[in-house]
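Below is one structure, written out as structure tokens, with a few remarks after it.
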Amino acid sequence: MNLTAKWCDESAGWKGWLVFALALSVAGCQAIGSDMSKRKDDGDGKGKKISSGRSYVEETTVAAVPTPAAAPGWDSERVWSGQDDWEPAVAVDPVNPNYVYQLTTRYTGPKACGNCRLPAIILHRSTDGGATWLPDQFLAATSKSQYDPQIEVAATGHVFAVWLDAFTPGVTFTKSLDRGATWSTGISWAGKGKKPSWDDKPWLTISRDGQHVYIGFNSSDSYVVSSHDFGVSFSAPVKTNNDTRYWFHSGGAVSPSNPMVAYFATSNYTSGNNYNGDSNVVILRTANGGTSWTEIPIDTSREVPLCAWAAGCGQGFLGTQAALAMDSAGKLMVVYNANDTPDVPEQIYYKTSTDGLTWSARVKLSVASATVNNGFPMAVAHPTAAGDFRVVWQDDRILSHTGWNTWYKRTTNGGTSWTADARISDLTSGAPYKTVNGYAFPYGDYGEIDVDSGGKNHVVWGEGASYSGPGGTWFTRGQ
């Protein structure tokens, strides 16, 4: 992508939150509003990935239009750009499948303004069902490093997004009423004199109509905020745990029959800096709109395997996390990676529930080999077809450690039977980390899948040279 940076006028007096327009693009920026804080950004201080400062702009092939893949019904995978992109998210309009939205965390390239920093959250918008894309846009122009994007679309066409604006003000919510053209002023919860004073790793889930919005995040402890007026106002953060462990939210769902009932899929560890010992998969459930939450234990995984073969990769990266989906009848499916022996590769499992309280026995979904590393599960349910769940994850079955790929499975009967694995990371070239075996390493802690009203899947994930990178955000669509 051949982009020219244009800097915002610093003389405009940047202080506080911007009322920003998504007419901001990576080729230039407009800024509306003022009052930006000059507080010190604690940026990478709590363990966020630090940029290598490199990208593969010249070596990456960016396809503007889709081509058929070897997997029947799928497009060949495409990459956003040659910039160093990490941890993407995707959402499709549940009524009008022409509108598809993606977010990614970009570590290299132009900044939104002279006072802005990298990484920054970048928006991709499509008006033709993901076939072609409008120019990249900055989600927000702030003086902080940005991470961990999430995006959802209501049946009204309104778009909701969350990202981490450093660790203070931290988790920040915004929405668009015009399909991503402009966005509301951000709402945040952390900061000096607040509780929590910092926060991390948000996960966003909404009701189909967008009236009910739930955001889970951590400040070591688990917190949730909720809104029942379309994101105009939110509750104070509600702490959901009473232990001393480090919690992560990685999936969410709102009941289609009662939006006061909502769920988050979580995992918890000894600490955010030490991933020794067991980790737990836990479902959080509220039946009163987020006022209080109940913990439902799902499984326990033993100590996380190491990944020393990938530059920069520390213990924890391949650790347990859980995805969550709920179908139109209210059936839940949690998909997660775990192991039964410390320090060995983790496998993909799933469980189901019809009430969120009692869960089936776990069933293994990944390949039989115990030596294959599996991780980064993604799950979604068809918006109207009960029992129709789709699951994606990443593993190194083709070549241990350096031959990773992205795989897809589907069930139309609630998990009784599944389709064969489909390899959706099909290209063998196009970036320096691509070979006939796949890609060198997963790039980012998560990817995401969504499905439109016609049953077409939209999937995004990260591929890279190592944990340190560089890498890129890749995507495809199919059914």
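When nucleic acids and ligands are ignored and a 1.4 Å probe is applied, H401 ends up with an accessible area of around 70 Å². Applying the Karplus relation 6.51 cos²θ - 1.76 cosθ + 1.60 with θ = phi - 60° to region 381-393 yields 3J(HN,Hα) values of 10, 4, x, 10, 9, 5, x, 9, 10, 10, 10, 10, 8 Hz, where x marks Gly and Pro.
Compared with the direct C-alpha span, the chain from T371 to V232 gains 45.2 nm at full extension, assuming 0.36 nm per residue. Within the assembled protein chains, the solvent-accessible surface assigned to E303 is about 40 Å², based on a 1.4 Å probe. Ordered from highest to lowest accessible area with the whole protein assembly present and a 1.4 Å probe, M260, M326, M333 read as M260, M326, M333.
Per residue, how large is the accessible surface of region 374-463? Use a 1.4 angstrom probe and give square angstrom. Before the final figure, lay out each step's value.
On the way: 2510 Å² over 90 residues.
Spelled out: the 1.4 Å probe surface of region 374-463, per residue, equals 28 Å².
If you sort I151, I187, I50 by accessible surface, 1.4 Å probe, largest first, the order is I50, I187, I151. Computed about the Cα centre, the dipole magnitude for the chain is approximately 520 debye when only Lys and Arg (+1) and Asp and Glu (-1) carry charge, each at its Cβ.
Given the alternatives (i) 0.97; (ii) 1.06; (iii) 0.93, Rg/Rh (Cα atoms, Kirkwood Rh) as computed for this entry is given by (iii). Across the options T61, P88, W133, the greatest Cα extent toward the positive end of the charge dipole of region 46-179 (unit charges at beta carbon of Lys, Arg, Asp, Glu) belongs to P88.
Accessible surface for H158 stands near 60 Å², nearest 10, in the context of the full protein assembly shown (1.4 Å probe). Spin-label pair V65-L134: with each label point 7 Å from Cα along the Cα-Cβ axis, the two points sit 2.2 nm from one another.
Using the Karplus relation 6.51 cos²θ - 1.76 cosθ + 1.60 with θ = phi - 60°, the per-residue 3J(HN,Hα) values for region 200-215 come to 7, 6, x, 9, 10, 9, 9, 6, 4, 7, x, 6, 10, 10, 10, 10 Hz, with x marking Gly and Pro. Checked against a 29 Å cut-off, the cross-linked pairs K48/K434; K144/K194; K49/K456; K192/K239 give Cα-Cα distances beyond that limit for K49/K456.
Placing +1 on each Lys and Arg Cβ and -1 on each Asp and Glu Cβ, with no other charges, gives region 356-451 a dipole about its Cα centre of roughly 240 debye. For region 198-295, the relative contact order works out to 22 percent when only alpha carbon pairs closer than 8 Å and six or more residues apart are counted.
The phi-based Karplus calculation (6.51 cos²θ - 1.76 cosθ + 1.60; θ = phi - 60°) puts the 3J(HN,Hα) values of region 254-261 at 10, 4, x, 9, 8, x, 6, 9 Hz, whole numbers, x for Gly and Pro.
Each Cα pair under 8 Å and six or more residues apart adds its sequence gap; the mean of these over the residue count of the chain is a relative contact order of 13 percent.
Counting only protein heavy atoms and a 1.4 Å probe, region 69-214 has 25 square angstrom of accessible area per residue. Expressed as a whole percent, the accessible area of the chain that falls on carbon and sulfur atoms is 52 (1.4 Å probe).
The values are calculated or read from the model by the stated rules, or taken from the named source; none is laboratory data. Since this is a predicted model, take the numbers as computed values, not measurements. Every residue, glycine as well, gets a Cβ built from its backbone with ideal geometry; the counts of neighbours run over all protein chains shown. These accessible areas exclude ligands, DNA and RNA; they are computed on the full protein's heavy atoms, side chains included. Shrake-Rupley method; radii C 1.70, N 1.55, O 1.52, S 1.80 Å.
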